[in-house]
Structures are given as structure tokens and as C-alpha cells.
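All remarks here apply to the structure that follows.
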Amino acid sequence: MDIISGQPLFLLLCFILSCFLIFTTAKSRRSRHQVSASPPGPPRLPIIGNIHLVGKNPHRSFADLSKTYGPVMSLKLGCLNSVVIASRDAAREVLRTHDQILSGRYLNEALRSNNHHDFSVAWLHPSSPRWRMLRKVSVSQLFSPQRIEATKTLRMKKMQELVNFMSESSEREEAVDISRASFVTTLNIISNILFSVNLGSYDSKNSSVFQNLVTGVMDSIGNPDLANFFPFMRFLDLQGNCKKMTDCSEKLFQVFREFYNARIVENSSRTNEKDVSSRDFVDALVDLHQGDESELNINEIEHLLLDLFAAGTDTNASTVEWAMAELLRTPKTMTKAQDEINRVIGQNGAVQESDISELPYLQAVVKETFRLHPAAPLLLPRKAETDVEILGFLVPKNTQVLVNVWAIGRDPNEWENPNRFEPERFLGKEIDVKGKDYELTPFGAGRRICPGMPLAVKIVPLMLASLLYSFDWKLPNGAVSEDLDMDETFGLTLHKTNPLHAVPIKKRAIN
Ligand code: HEM
């Protein structure tokens, strides 16, 4: 075929080839563009990258940096590639759209020191059968609606003990450490659900060793550790976090083993079946361990109990402390919440869990506290299992992903007067903390959402309502509300740096 006679065919071929070239060039340009679109971030120094920008309160420094670099920001922390999320839309992408790819955890050194990461529901990968089994056991035996209902009387009893303790302090006109008192109350609720015993004591002279061990575990996991940024420094344990984790967890495991073994002995000497209402979590664990299929081994049991104490106590307690601090700082809000409770409960009662649904203002106070003071301001660290695109930015495989719920809770694009404590903003609104509204996710969302949330959303409003119903509150030593500082200390949970002390003034006879 000569070229002239084959011209139309030749032209057609040229046309097809050009289209193909244009298409492939555009595609490769597009994909090159995608690859190059890594999230913006601050300039890095040699070796340390951006570590010098982290500071004592990473959630705050990250929030400030996100104002410049946007809601998907990359940071290099020593050897660790991190991405920080700081808007509702970006959080939705992480917690819902790409939940599967991003639901593994980034592990720190303290966790590895006692192999906690191999047994812990909070740190195992969700694809592991062990994680699914532990999650199923905790949900079915502790947090299902039926189990939550079954422990209602226990929560009421612990609230009464808290009110009695406050009442005694009120008679002595003594200021109370609110953080400590709410910690003891939560610890006793959880230790009774698990073992049917009180492990906390309001008496400061009797400060429980157990209490200090739980706090020790949380500190060692929560403290920023250089070895997380420079893994070759692992063996040095410069900050002592690994040692502290091993020491505290070993002592806690010993306590758990004693309870567990005592229960086995008690059950074996029992002639009749235990009444369903008096069964606790340890009974369920013994059945699961000793059953024909032995679903749980002793290591899994110890690490699960450790997780429940570590994740469940301080989070509730610090939320109640922040709520009280905000109310003491804005006395009008305190009065409004108290008036509502008085109206619903009357003069001589006690707050019941069923009353909480009748208290929209109190519920708004709790949501506002979660918005401004989320107990886990960066949630727990996640890790990209593969490359993933978030709001058009490429997050490479193995990157640590932190969702800054603290920054999202104060994002001026979402909230009017974001730094003011204004519970009214929630009145008449559907928005809730349960993982569907990505501007307010103090419990996380998606498959890793906090399994203890159904218990926490009972404890926090009940404790707060009980404190507000029975007492008026004032700051000690004639301090006024403007004097109250709201300084924060970052750890596994976000604490008030200076624990809140307040004087309860009894409003009515305590039954
Ligand atoms: C105010 C109270 C609480 C808050 C704010 C809170 C918050 C959180 C958050 C933010 C996470 C991580 C979610 C994520 O990675 O996306 C979490 C995980 C967890 N929480 Fe809670 N929590 C609270 C109470 C509790 C309680 C009472 C328990 C149990 C007694 C509990 C047990 C757990 C466990 C076991 C995990 C790990 C779940 C997993 O990784 O699969 N939490 N919590």
C-alpha cells in the first residue's frame, strides 16, 4: 500500500495515536500531580524535622500550625511521618470514608515494653481475630444496653457515696479536689462492674495504690517519648516510660490475678448457681476462659482489664472536672443548670438516670464540655495501611494520622464564638457526640469508636447532675470565677494542670 492511496487510513491512525498520547499524557500528568500533592506542612530542620514545634501541648501547637497549613497537614517528627487532621470534612474522610485503611494504630515504645500491643483491644489491629473477639466480649458483657441497664443501681449507689463524701466536706467547709473525687467515683463504678469491689478511696490518707498504678500506666503511654521519633534510641528508655509501664502493669496484673483466682476458688466451693444479678465481669471471663472452647487466655484477660481501667477512669473523671471548672467560671450557666435540675427533681429527691433525658440544658453542658475539653484531644494515633488520599492530599503508607478533635471543636468555621463556653449552642440541635457528627467526636467514630461510650454517657451527666443538685459551689479562699485558670496538661487524657478545688455548700438534707 503506498502512502498516498492509504492517506485516509494513515490520517485515521494518526488521529487515534494522538488521542491516545493526549489521554495518556494527561493521565500521567494527573497521577504525577496526585503523587506530588502531599499535605503542606512547616519547613523541617535536619534530623529533628518539626519536633521543635510540638511543645508541651501538641494539640494546641498543631491547631496553631493548621491555621497556616490547612486541615490536612504533614509533620516530620524525627523519623516519624505524621499527618494532622483539623477539620470536620477531613475527620469524616479519616473516620468514615477511609476508616478501614486508617483504623490500625501507631504504636509507641511504652506499649511494646510489656507486649501490651499484642493483647490490647485498644492497640491491636482491627483485622486481627483477637481484636474482634476482645471487642465482642467487652461490648456483649459490659456495654450492651442490657448490661448497662443491669448496672444502673450500682451507679446510683456510687453517686450516693460521692454525695455523702461531699456532704461531709461541706460540713467541715473544706474545699474538695474535684478531679480526685470524680476519679474515685468512676474507679469504684468500674471496679465494681468488673470485680464487685471498691478499689478507690475518698480518704486522701488512704490513697489507693491501685489508683496510682492506673495513673502510672496512663502517664507512661501518654508521655511524649523520644524513642517514638528515633526508634534507634529505644534501648536507652531515656524518659523511663518503658520501665514505668512494665512496673505499673506488672503490679496491676498481680492484683487482677488475685481477684481472678479468688473467684475461681469461690465458684468451685459454691453448691448452687450464682444469681444472674450478682454476676460481674470476672464471672463472665472465668466462663470464657474455662469453657469448652476456652475463648480467652489469661494474658488476654489481664491486658483487657488493664485497658478498661486505663481507658475508663481518667477520661470520665477529667470530663466532670472540666465541666465543673467551666460552670464555676460562668456562674450564670451553673445557676441555669441547677434551676433546670431543681425544676425536674423537686426539693427532696436524688437524681436518677431516667431524669437525664428531661434535662436538655445539662446535656448541652456536657456536650459543650466535650467540645472544648475532649479527654483524648488527638484521639488515639492511627496509621495508614496503604497510600490513601484525604481531601485530595496523598497520605503515604505507614504515616501516623492524628485527628485533632480539640482543634475541630474550636474551629471558627464550625462554631460561633468557638472559645466561649455556651451550652445554649446545642439547644434544639440534633448534634451529638456519638460518632455521626464529625465536628464533635470526643469518642472517635467508625470501627474504633470508644466501646465504653454507652457507659460514659451515663456516668458523666449523672455525676454532674448529682453534684449540682445537692450543692452550691464556691472557689476556696475567696477566689472569684475570673481567677480560675483553665491551663491544660497533655497526656493520654487532657488534664487541668492545677486540679480544681471547690467548696460544696449543702443545699438540702442528704438522704
Ligand atoms: C468520657 C469518657 C470517655 C472518652 C472521652 C473516651 C474516648 C475514647 C477515644 C477518643 C478513644 C479512641 C477512639 C479512636 O481511636 O478513634 C477511645 C477508645 C477506647 N475506649 Fe474510651 N472514652 C471514654 C470512656 C471509656 C470507658 C468508660 C471505657 C471502658 C470502661 C472506655 C474504653 C475504651 C477502649 C477499650 C478503647 C479502645 C477501643 C479500640 O481501640 O478498639 N472508654 N475512648
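The values are calculated or read from the model by the stated rules, or taken from the named source; none is laboratory data. Here the structure is a predicted model, which is why all the values come from computation and not from measurement. Ideal geometry is used to build each Cβ from the backbone, glycine not excepted, and the neighbour counts take in all protein chains shown.
Count of region 275-318 residues, restricted to those that are of a type in the set (D, E, K, R), away from the ligand (no atom under 16 Å from the Cβ) and touching a residue at least 24 places away in the same chain (Cβ under 8 Å), is 1. Can you name every residue in region 89-98 that is surrounded by fewer than 18 Cβ atoms within 10 Å (Cβ to Cβ), within 20 Å of Trp406 (Cβ to Cβ) and within 15 Å of the ligand (Cβ to nearest atom)? Hit for region 89-98 is Arg96, nothing else.
I want to confirm something. Restricting to region 357-381 and keeping residues that are of a type in the set (Gly, Ala, Ser) and more than 13 Å from the chain's Cα centre (by Cα), which single residue is nearest to the ligand (Cβ to nearest atom)?
Ala364
Every test in (1) more than 16 Å from the ligand (Cβ to nearest atom); (2) buried (at least 20 other Cβ atoms within 10 Å of the Cβ) is passed by Gln352 save one, and that test is (2). Buried (at least 19 other Cβ atoms within 10 Å of the Cβ) and not in a loop (DSSP other than H, G, I, E, B), is that true of Ala262? The answer is no for Ala262.
Of the candidates Arg371, Arg382, Arg410, Arg343, the single residue that is in contact with a Ser or Thr (Cβ under 8 Å, 6 or more places away or on another chain) and among the basic types (Lys, Arg) is Arg382. Looking for something more than 17 Å from the chain's Cα centre (by Cα), under 14 Å from Asp314 (Cα atoms) and of a type in the set (Gly, Ala, Ser) - is there at least one such residue anywhere in region 201-215? Checked region 201-215: no residue is more than 17 Å from the chain's Cα centre (by Cα), under 14 Å from Asp314 (Cα atoms) and of a type in the set (Gly, Ala, Ser). Taken together, the residues in region 113-150 that are surrounded by fewer than 18 Cβ atoms within 10 Å (Cβ to Cβ), over 22 Å from Ser103 (Cα atoms) and within 12 Å of the ligand (Cβ to nearest atom) amount to 1. Criterion first (of a type in the set (Asp, Glu), under 28 Å from Leu379 (Cα atoms) and away from the ligand (no atom under 12 Å from the Cβ)) does Asp177 satisfy it? Criteria met by Asp177. If you check Ser66, Ser74 for being at pLDDT 95 or above and in a helix (DSSP H, G or I), only one passes: Ser66. Please work out which residue is farthest from the ligand (Cβ to nearest atom), limiting yourself to region 319-349 and to residues that are among the acidic types (Asp, Glu) and more than 18 Å from Ala479 (Cβ to Cβ). Among residues in region 319-349 that are among the acidic types (Asp, Glu) and more than 18 Å from Ala479 (Cβ to Cβ), the one farthest from the ligand (Cβ to nearest atom) is Asp339. If I filter region 292-332 down to residues being charged (D, E, K, R) and more than 24 Å from the chain's Cα centre (by Cα), which single residue comes out as nearest to Ser182 (Cα to Cα)? Result: Arg329. Going residue by residue through region 396-404, is there one that turns out to be surrounded by fewer than 21 Cβ atoms within 10 Å (Cβ to Cβ), touching a helix residue (DSSP H, G or I) at 6+ places or on another chain (Cβ under 8 Å) and among the aliphatic types (A, V, I, L, M)? No, every residue in region 396-404 fails to be surrounded by fewer than 21 Cβ atoms within 10 Å (Cβ to Cβ), touching a helix residue (DSSP H, G or I) at 6+ places or on another chain (Cβ under 8 Å) and among the aliphatic types (A, V, I, L, M). In the condition set (1) part of a loop (DSSP other than H, G, I, E, B); (2) β-branched (Val, Ile, Thr); (3) within 12 Å of the ligand (Cβ to nearest atom), Ile101 is compliant with all but (3). Looking only at region 489-506, residues that are aromatic (Phe, Trp, Tyr) and within 16 Å of Ser170 (Cβ to Cβ) come to 0 in all.
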